[in-house]
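Everything on this sheet refers to the single structure shown next.
Each value in this text was obtained by applying a stated rule to the coordinates, not by laboratory testing. For clarity, every value in this text was computed on a predicted model and none was experimentally measured. Neighbour counts run over all protein chains shown; Cβ positions are idealised from the backbone, glycine included.
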Amino acid sequence: MLKVEEIEVRYSGVPVIHDVSFHVNGGELISIVGANGSGKTTVLKTVAGTLHPTKGSMEFENEDISASTTVEIVRKGITYVPEERRIFGPLSVEENLKLGAYIVNDREEMEKSLDYVYGLFPILKTRWKQLGGTLSGGEQQMLAIGRGLMSRPKLLMLDEPSLGLMPKLVDEMLEAVATLKKEGNTILLVEQNVREALEMADRGYVLQTGRTIHEGTGQELLETDIVKRAFLGL
Amino acid sequence: MRTLRDAFSFGDLPLVERIGFAIFIMFCTLFPWVTKGSFDQAVMIQFLIFCLYGLGWNLIGGYGGQVALGQAKNVGMSAYTVALLMVWWDIPFWLSTPLGVVVATIESFVLGYFLFRLRGHYFAIATIAVSLVWQQLFINWDLIGGARGVELPLKETPNFLYMQFASPIYYHYFAFLLVLAAILYMNWFRKSRLGYQLRSITSNEEVAESLGINAHWVKVKAYCITGVFAGMGGAFYTVYYNYIDPFSVMHLELSVMIALMTMIGGAGSMWGPIIGAMILIPLDRYLGAWLGGSGIIGVDFMIYALMVMIISAYEPKGIWGIIEKVRARR
């Protein structure tokens, strides 16, 4: 579905991603793990079209997207849920969600998506009129993911969904991600909870200073030295 | 149908706001019958014109969060179109006004298309620069009157087609109708798709784009609508004063006044621009008349500046922000 090959990405001329390759098949949950600064978020932002690769290629459903704008990429079916729960504070929960369905023109289709999201996160339904900024951290994260789902993306990219949440909520959040996968969504996940992220993933990639240094099934990666040493403290 | 219902339904607003709106309507309706002073009536009409400007500016400046300081040139272009068409070819107000509005909107579109590549302060500065260029152009362009301005030919009898009336009452009600239409539009707007898009961009542009919202295009659209409001105001201004020059309708001071008024009242809120106009316009006119006569010039500007400082230091959301805070505390 998504195929990224040997991309290089620069921030104002300075390369931060040197050589990253990975692919995502339909229905898979793929985890990208790596230390802080290894370029995980940059990779997601590049796929989302906020940044563009200076080398290498990116294909989505056999179409080149390396030069596409954010808007074009969303229309093709890739949604990026940014880290730190960037929801629209001054808008209500339902308004936030409806904006997520911005590219859906059909009102009925939108209502269906709304029901789907409310089914997934019932707490959002009870808070529908509340302003986004007044929600708790966990609720804001649910809202951010829900908003991402509103356009019914073919590929959902989640950037650190458990960042800054209390431990109980972290588990809940990761369970929600697992549920999403079970329901047939294709997910590209960047997570700091390496063990959980790899356990639930079909496959995973390890990034180090802007390069993919390992790939394999979640279980395989959990047994590699680098993951054991660097992330699991074994 | 849905559009109409949204425009006319104020049901989701708190009771206090609906009562306030009703009082506003009653006040504006009865005003010309209660007061007979021509100065008071003139101030009232100016208040209504500024309400119109402010309600329009609130779209891009309030909901859109883009500090555009060039409303005067849209006002001016529409005003000049209406005035020149009337002077050159004797074209009535009702035909020239749509043209004037179109000219103002096209200017908004072209300018917005290029300037919205800039952000924040750079955008604000660019709008100021363009306004200054336009004003200089109008001052030095002899064909359209240059610095002398344009005077409308007066008809011998009051004429509805050319909006020339003997009594200010007619102007008052026409301006009031325009403001009412603008309020209905804003009431629709805040519930519309465009309204949500614009607010999402103000809240976080990057995230809005990640949802597929074309921020540049949405801003251009909002800027065009702001241009329509300014154009309407400019057209009315022309027939009300029967005289325009580059200093009255193209001046940067007007642009700043519109923005300031909306910010003091509360940018990004439904009633903010009206509250701002309600305070600043009478303050400006009465204080100017009172102090200007006594030889103390500039005190009104000092009072302005003081208000701006207080507002920006304590409540960036303006007077409406203060009202909402008080409300939240209860």
Could you work out the relative contact order of segment B:231-330, using alpha carbon pairs under 8 angstrom and six or more residues apart, expressed as a whole percent? 26 percent
If you place +1 on the Cβ of every Lys and Arg and -1 on the Cβ of every Asp and Glu, how big does the dipole about the Cα centre of the protein assembly as shown come out, in debye to the nearest 20? 1260 debye
Rank these for me by crowding, B:Trp88, B:Trp320, going from fewest to most other beta carbons within 10 Å. B:Trp88, B:Trp320
Looking at the protein assembly as shown, what % of its DSSP beta bridges pair antiparallel, to the nearest 5? 55 percent
Under 18 Å from a point placed 7 Å out from the Cα of B:Ser9 along the Cα-to-Cβ direction: which residues of segment B:196-211 have their backbone N that close? B:196
Just the Cα atoms of segment A:126-234: what Rg and Dmax do they give in Å? 15.3, 49
When B:Phe160, B:Phe50 are ranked with the fewest other C-beta atoms within 10 Å first, the list becomes B:Phe160, B:Phe50
How far, in degrees from 0 to 90, does helix A:167-182 lean away from the longest principal axis of the Cα atoms of chain A, to the nearest 10? 90 degrees
Using the 10 angstrom Cβ neighbour count as an exposure proxy, how do B:Val16, B:Val101, B:Val249, B:Val308 rank, fewest first? B:Val16, B:Val308, B:Val101, B:Val249
Please compute the alpha carbon radius of gyration of chain B, then divide it by the globular-protein estimate 2.2 N^0.38 Å. Two decimals is fine. 0.98
Can you tell me, using C-alpha contacts under 8 Å and at least 6 residues apart, the relative contact order of chain B as a whole percent? 31 percent
Let me have the relative contact order for chain A, percent, based on Cα pairs under 8 Å that are six or more residues apart. 27 percent
Give, in whole angstrom and from largest to smallest, the semi-axes √(5λ) of the equivalent ellipsoid of the protein assembly as shown, with λ running over the eigenvalues of the Cα gyration tensor. 54, 25, 21
Of B:Thr35, B:Thr226, B:Thr97, the one that fluctuates the most in a GNM where chain B has Cα springs shorter than 10 Å: B:Thr35
R0 = 45 Å: FRET efficiency of B:Leu132 with B:Met1, Cβ-based, nearest 0.05? 0.50
Within segment A:116-149, whose backbone N sits under 15 Å from a point 7 Å along Cα→Cβ of A:Ser92? A:124-135
From the convex hull of the Cα coordinates of segment A:80-152, what is the mean projected area in square nanometres? 4.2 nm²
Once segment B:25-173 is represented by equal point scatterers at the alpha-carbon sites, with solvent omitted, what log10 I(q)/I(0) does the Debye formula produce at q = 0.11, 0.12, 0.17, 0.18 Å⁻¹? -0.56, -0.66, -1.14, -1.21
What is the mean number of Cβ atoms from other protein chains located within 10 Å of the Cβ atom of each residue in peptide B:210-220, rounded to a whole number? 6
Taking only Cα atoms, what is the 0 to 90° angle, nearest 10, from helix A:137-149's long axis to the longest principal axis of chain A? 90 degrees
Please report, in whole Å³, the volume per residue of the convex hull around the C-alpha atoms of chain A. 117 Å³
Ratio of Rg to Rh over segment B:151-283 (Cα coordinates, Kirkwood Rh, two decimals): 1.05
Trypsin sites (Lys or Arg not before Pro) within segment B:7-106, DSSP loop, no more than 11 other Cβ atoms inside 10 Å: B:Lys36
